[in-house]
Amino acid sequence: MFAKKSLLSIVATALLLGVSVTGGGMSPVFATSVQQSPQQIMRIIGDKYQVGEVLSDKDAELVKKYAFQPNQVKTLADAQPDNWTVTGSNSNTAFNAFMSGTVYVGLNLWENNFRADLTTYVQKGTPTHYQNSIQLEAYGLVGAGGTKIGKTAEFEVSSGWTPSNKLQYSSTFDQPFNASVAYYYITPKGAVKGAAGSIEIVGVGKKK
């Protein structure tokens with residue numbers, strides 16, 4: 001049985017008009033690099049800007065490189081669905097845990113849909129509380145001229161810390177949002193805590 005709670009803060013800028021975005025890109029949560037992972041790079045960029053702010057040219061190029069670029073959007077009624085499977089694992093002295101789930105992002109010119117099912121599992125340790133969450137950041141053309149890339153939306157949905165001593169905990173999220181989206185990045189997380197300590201798992205994704 002899924003637990004369902006949402007903590008949502010959505011903000012968006014003007015509608016992206018007359019712009020085609022082409023498909024391509026790797027998973028927005030794919031992470032591996034010698035120095036900084038794409039996750040770390042995108043986290044730094046995400047923390048640097050508020051919704052509506054224009055990105056620097058350097059950061060805009062990094063977004064183009066590491067964020068996911070959806071398929072072409074042709075009409076208001078022609079939403080482009082992206083389906084992802086997400087997995088992740090982590091261990092420390094208190095816990096050995098992993099997460100898995102699915103994420104759906106249905107993008108349109110303005111009205112978009114977001115759904116996720118996430119489960120966190122404990123293989124070693126004694127849990128007392130769980131928390132599942134997922135963050136989405138979107139980027140598109142902003143400003144009066146619509147010629148610069150900026151942040152167009154940012155939100156996080158979370159189960160909040162929920163008491164449970166079972167060895168797994170599931171959450172489902174279903175949330176529409178309004179924004180012009182040329183690129184987006186998602187970060188799913190699972191977390192567990194108990195008397196012996198806590199652990200956080202950051203998921204990576206693969207497009208179905």
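The values are calculated or read from the model by the stated rules, or taken from the named source; none is laboratory data. Keep in mind the model is a prediction, meaning the values are calculated, not measured. Here the Cβ is made from the backbone with ideal geometry for all residues, glycine too, and neighbour counts use every protein chain on show. Keep in mind that these areas ignore ligands, DNA and RNA; they rest on the heavy atoms of the full protein, side chains included. Shrake-Rupley method; radii C 1.70, N 1.55, O 1.52, S 1.80 Å.
Can you give the local net charge around Gly140? Use residues other than it whose beta-carbon is closer than 15 angstrom to its beta-carbon, Lys and Arg +1, Asp and Glu -1.
-2
Given Cα pairs under 8 Å that are at least 6 residues apart, what percent is the relative contact order of the stretch 131-196?
Relative contact order here is 47 percent.
Ignoring ligands, DNA and RNA, how do Glu137, Glu154, Glu61, Glu53 rank by accessible area with a 1.4 Å probe, largest first?
Largest accessible area first, the list is Glu61, Glu53, Glu154, Glu137.
Can you pull the percent of the stretch 82-205's accessible area that's carbon plus sulfur, 1.4 Å probe, other chains left in place?
46 percent
For Asp82, Asp174, Asp57, Asp117, what's the largest-to-smallest order of accessible area, 1.4 Å probe?
Asp57, Asp174, Asp117, Asp82
Give me the one-decimal nm value for the distance between modelled label points at Lys207 and Lys148, 7 Å along each residue's Cα-to-Cβ direction.
Between Lys207 and Lys148, the simple spin-label model gives 2.9 nm.
With a point put 7 Å past each Cα toward its Cβ, work out how far Gln175 is from Lys124 in nm, to one decimal.
That separation, rounded to one decimal, is 3.4 nm.
For Ser56 and Thr87, compute 0.36 nm times the residue count separating them, minus their Cα-Cα distance, and round to one decimal in nm.
Difference between extended and current length: 8.0 nm.
For a protection proxy built on the mean count of beta-carbon atoms within 10 angstrom, sort 182-195, 87-100, 37-50 highest first, please.
On the way: 182-195: 22.1, 87-100: 18.0, 37-50: 16.4.
The most tightly packed comes first, giving 182-195, 87-100, 37-50.
Using heavy-atom solvent-accessible surface (probe 1.4 Å) with all chains present, what is the largest-first order of Trp161, Trp110?
Trp161, Trp110
Whole-Hz Karplus ³J(HN,Hα) for the stretch 146-159, in order, using 6.51 cos²θ - 1.76 cosθ + 1.60 and θ = phi - 60°, x for Gly and Pro?
After applying 6.51 cos²θ - 1.76 cosθ + 1.60, I find x, 10, 10, 7, x, 7, 10, 7, 7, 7, 9, 10, 8, 6 Hz.
Starting from the Cα of Arg115, step 7 Å along the direction of its Cβ; do the same at Ala196; then give the gap between the two resulting points in nm.
3.8 nm
For the stretch 82-186, what is the relative contact order in percent, using Cα pairs closer than 8 Å and at least 6 residues apart in sequence?
Relative CO of the stretch 82-186 lands at 29 percent.
Between Lys65 and Ser164, what FRET efficiency follows from the Cβ-Cβ distance if R0 is 35 Å, with the result rounded to 0.05? Please list the in-between numbers first.
Numbers: r = 39 Å, r/R0 = 1.12.
Calculated value: 0.35.
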